[in-house]
Amino acid sequence: MSEHLAVQALWLAEVRGWPVLPVTPGGKVPLIRQWPEAATADASTVLWWWAAWPDANVGLATGHAFDVLDVDDQEAFNQAVPAGAAFPKGPWSITGSGGVHFYFRATGLGNRTRFMPGADWRGKGGFVVAPPSVHPSGELYHWGSGPSTPIPPVPHWLLKRLRPPVPPGRRSAVQGAPVGRYGRAAMRSEAQALARCVEGERNDRLNRAAFQLGQVVAAGHLDAGTVDRVLMDVALAIGLGEQEAEATIASGLRAGQASPRVKP
């Protein structure tokens, strides 16, 4: 088993480029100090660690190449997922206790405990134990879909659950550019027009709204993150698919930001 652990740690570091750290054999405690900074994809360091601790479990630092959705109560989590919500599958593994780790692209967010029923989030400053490590129960971690699987982005509905609500008094400071009357009016106008459009015109109208508001973002009157969330909420409410809407908003914002709008 120790040879398999070393080989997997080295492969994850050298081939995938994922920051690795050694964890207590059969446990979940890092064996190195200041592991959030010390975790590395450097092959020579990884080889040295597993020479020193040949039975060490394989830890992967989150918040760099990926974040991890840690589901330990699948039934509770499934009941909290919105009906029809997209759930793209990338790499995922089964823990020794029967839980599941789902890997998503890094969000820049930190760790969240029980942000949804039966689920934690491992982001910046976190780590997970990877296969073929040994769980404290004696069972092995194993891959459901291996680490070579492309890592998907976090679906919008899940990202909304992860972002804590911003107190009204701090909203503009936290989200970026201050939102004045001009920015609010522009966003309200575009959101209302999008909400009223008829089937067959929705995607084009969403692209136009993203472009117009992208111009306002580039001029410094709105924050791109706020625009993205507002337009996505409206797009989903009028029946557009999440992946289609996400691509349309991103394209429209990029084009609009290349041509800043001058405030009248």
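No value in this document is a laboratory result; all are computed from the given coordinates. This is a predicted model, so every value here is computed, not measured. In this analysis, Cβ positions are derived from the backbone assuming ideal geometry, glycine residues included, and neighbour counts consider all displayed protein chains.
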Worksheet item: For residue 18, which sequence-distant residues (separation of 5 or more, or a different chain) have an amide H within less than 5 Å of its own amide H, given hydrogens modelled in the peptide plane?
Response: 13
Item to complete: Specify whether the C-alpha gyration tensor of the chain places it in the rounded, prolate or oblate class, a ≥ b ≥ c being the square roots of the eigenvalues: rounded for a/c under 1.5, otherwise prolate if a/b is larger than b/c and oblate if not.
Response: prolate
Fill in: Protection proxy ranking of 26-37, 226-237, 58-69 - average other beta-carbon atoms within 10 Å, highest first
58-69, 226-237, 26-37
Worksheet item: Among residues other than residue 230 whose Cβ falls under 12 Å from its Cβ, what is the net charge (Lys/Arg +1, Asp/Glu -1)?
Response: 0
Practice prompt. Would you give the gap between the C-alpha center of region 132-148 and the C-alpha center of region 64-131, rounded to a whole Å?
Written response: 15
Item to complete: Among 182, 66, 80, flag the residue with its Cα farthest along the positive direction of the charge dipole of the chain, charges on Cβ as +1 for Lys/Arg and -1 for Asp/Glu.
Response: 182
Worksheet item: With the dipole of region 168-257 worked out from charges on the C-beta (+1 for Lys and Arg, -1 for Asp and Glu) around the Cα centre, which of 232, 222, 250 lies farthest toward the positive end?
Response: 222
Worksheet item: Where the only charges are on Cβ atoms (+1 Lys, Arg; -1 Asp, Glu), what is the dipole of region 168-257 about its Cα centre, to the nearest 20 debye?
Response: 480
Response to the item:
Going residue by residue through region 85-102, the Karplus relation 6.51 cos²θ - 1.76 cosθ + 1.60 with θ = phi - 60° gives ³J(HN,Hα) values, rounded to whole Hz and with x marking Gly or Pro, of 5, 6, 9, x, 9, x, x, 8, 9, 9, 7, x, 9, x, x, 10, 9, 9
Worksheet item: So, with +1 on the Cβ of K and R and -1 on the Cβ of D and E, and no other charges, what is the size of the charge dipole of region 79-156 about its Cα centre, to the nearest 20 debye?
Response: 260
Worksheet entry | Three-way shape call for region 56-140 based on the alpha-carbon gyration tensor, with the a/c threshold at 1.5 | oblate
Discussion item. Explain nothing, just the number: dipole magnitude of the chain about its Cα centre with +1 on each Lys and Arg Cβ and -1 on each Asp and Glu Cβ, in debye rounded to the nearest 20.
Written reply: 1380
Fill in: Additional length obtainable on full extension of the chain from residue 195 to residue 250, 0.36 nm per residue less Cα span
17.9 nm
